[in-house]
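Novice: Okay, here's the structure, questions in a sec.
FYI, it's all coordinate maths here, none of it is from the lab. A quick note: this is a predicted structure, and the numbers were derived from the prediction, not measured. Virtual Cβ from ideal backbone geometry, glycine too; neighbours counted across all protein chains shown.
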Amino acid sequence: MNKRRIVIVGFMGSGKTTVAGALAGRLRGNMIDLDSFISDRTGRTPAEIIEADGEEFFRGVETRTLLYLLENTGPEVIALGGGTWTTEANREMIARHDYLSVWLDAQFDLCWQRIAASDSIRPLAPTLTAARELYQQRRASYALARFKVEIGGAEDADRIAAKIQTQLEMS
Ligand code: S3P
């Protein structure tokens, strides 16, 4: 069970980074946040890359960085970006490297509340309408994740991580 490696999937504002950190603590493993790793390697945040060079360019950087992480670092837990899991090639790469996927299924209103309250710039969710449309579009691919946890907003990250751990142990 401790050998299992996990990617955390979900929309912007679903809590991927904090839950991934809590889960890694429980599994006594390392956690890497893909967006932060991209920022460290390129010197630019995903938002800066998207704004300067466009989303398509960013997706290339994202896939190459993910592959590098899977091949070289192999942390126990990876928090993906909100769009990473929606690309089939990324999903295949993740499966090939024996990572299990967990979808943080948070209601749109909760995600939007967090997006609106956050200091981070999200160029792909500039307005409530654009964010909702993207959220709806992506649900079908998020649903391809192996495990799902419903996120209501009241539970803290460790409680959610505990639920994930239970699902992993029972599978
Ligand atoms: C994106 C989500 C962002 C970041 C980039 C693109 C997306 O990550 O990767 O801005 O396509 O949903 P978070 O989900 O951590 O905000």
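Novice: Have a look at the range 1-59 and give its Rg and Dmax from the Cα atoms, expressed in angstrom.
Specialist: Computed over the Cα atoms of the range 1-59, radius of gyration and Dmax are 13.6, 42 Å.
Novice: May I pose another question? So what's the back-of-envelope 222 nm ellipticity for the chain, counting only DSSP H runs of four-plus at -39500 (n - 2.57) apiece and dividing by all residues, rounded to 500?
Specialist: Computed mean residue ellipticity for the chain: -16500 deg cm²/dmol.
Novice: Another question about this same structure. Let me spell out the model: positive unit charges on the Cβ of Lys and Arg, negative unit charges on the Cβ of Asp and Glu, origin at the Cα centre of the chain. What dipole size does that give, in debye rounded to 20? Numbers along the way, then the final one.
Specialist: Working: 21 positive and 23 negative charges, 108 e Å.
Here the size comes out at about 520 debye.
Novice: Here is a further query. Enumerate the amide H contacts of Ile6 below 5 Å, restricted to partners 5 or more residues apart or on another chain; note that Pro and chain-start residues carry no placed amide H.
Specialist: For Ile6, whose amide H was placed from the backbone, the distant partners under 5 Å are Val77, Ile78, Leu100.
Novice: Taking other Cβ within 10 Å of each residue's Cβ, how do Leu70, Leu124, Leu34 sort, fewest first?
Specialist: Leu124, Leu70, Leu34
Novice: Answer with one residue from Thr17, Phe108, Gly74: the one whose Cα lies farthest towards the positive end of the charge dipole of the range 1-117, charges on Cβ with Lys, Arg +1 and Asp, Glu -1.
Specialist: Farthest towards the positive end: Gly74.
Novice: Which number comes out as Rg/Rh for the range 76-169 once both Rg and the Kirkwood Rh are worked out on C-alpha atoms?
Specialist: Radius of gyration relative to Kirkwood radius: 0.96.
Novice: First measure r as the distance between the Cβ atoms of Arg41 and Ala116, then evaluate 1/(1 + (r/R0)^6) with R0 = 25 Å and state the FRET efficiency to the nearest 0.05.
Specialist: Numbers: r = 29 Å, r/R0 = 1.15.
Approximately 0.30, to the nearest 0.05.
Novice: Going highest first, how would you order 10-17, 110-117 by mean Cβ packing within 10 Å?
Specialist: Listed from highest to lowest mean packing, they are 10-17, 110-117.
Novice: If you don't mind, another one. So which trypsin sites (Lys or Arg not before Pro) in the range 24-64 are both in a DSSP loop and have at most 16 other Cβ atoms within 10 Å of their Cβ?
Specialist: Arg28, Arg44
Novice: Taking every pair of alpha-carbon atoms in the chain, what share in percent sits in each 5 Å bin, from 0 to the bin with the longest distance?
Specialist: Histogramming the chain at 5 Å steps yields 1, 9, 19, 22, 22, 16, 8, 2, 0 percent.
Novice: Also, I was wondering about something else. Quick one: if you stick a label point 7 Å off each Cα along the C-beta vector at Glu92 and Asn72, how many nm between them?
Specialist: About 2.3 nm separates the two model spin labels.
Novice: Figure the gain on full extension for Thr63 and Gln167 (residue separation times 0.36 nm, minus the Cα-Cα span) and round it to one decimal in nm.
Specialist: Additional length available on full extension: 34.7 nm.
Novice: Based on the Cα gyration tensor of the range 46-131, what are the three equivalent ellipsoid semi-axes, each the root of five times an eigenvalue, rounded to whole Å and given largest first?
Specialist: 25, 17, 11
Novice: Cα atoms only, the range 1-102: Rg and Dmax in Å?
Specialist: 12.9, 42
Novice: Scan around Ala106 for amide H atoms under 5 Å from its own, H built in the peptide plane at 1.01 Å from N, and keep only partners 5 or more places away or cross-chain.
Specialist: Phe11, Ile151
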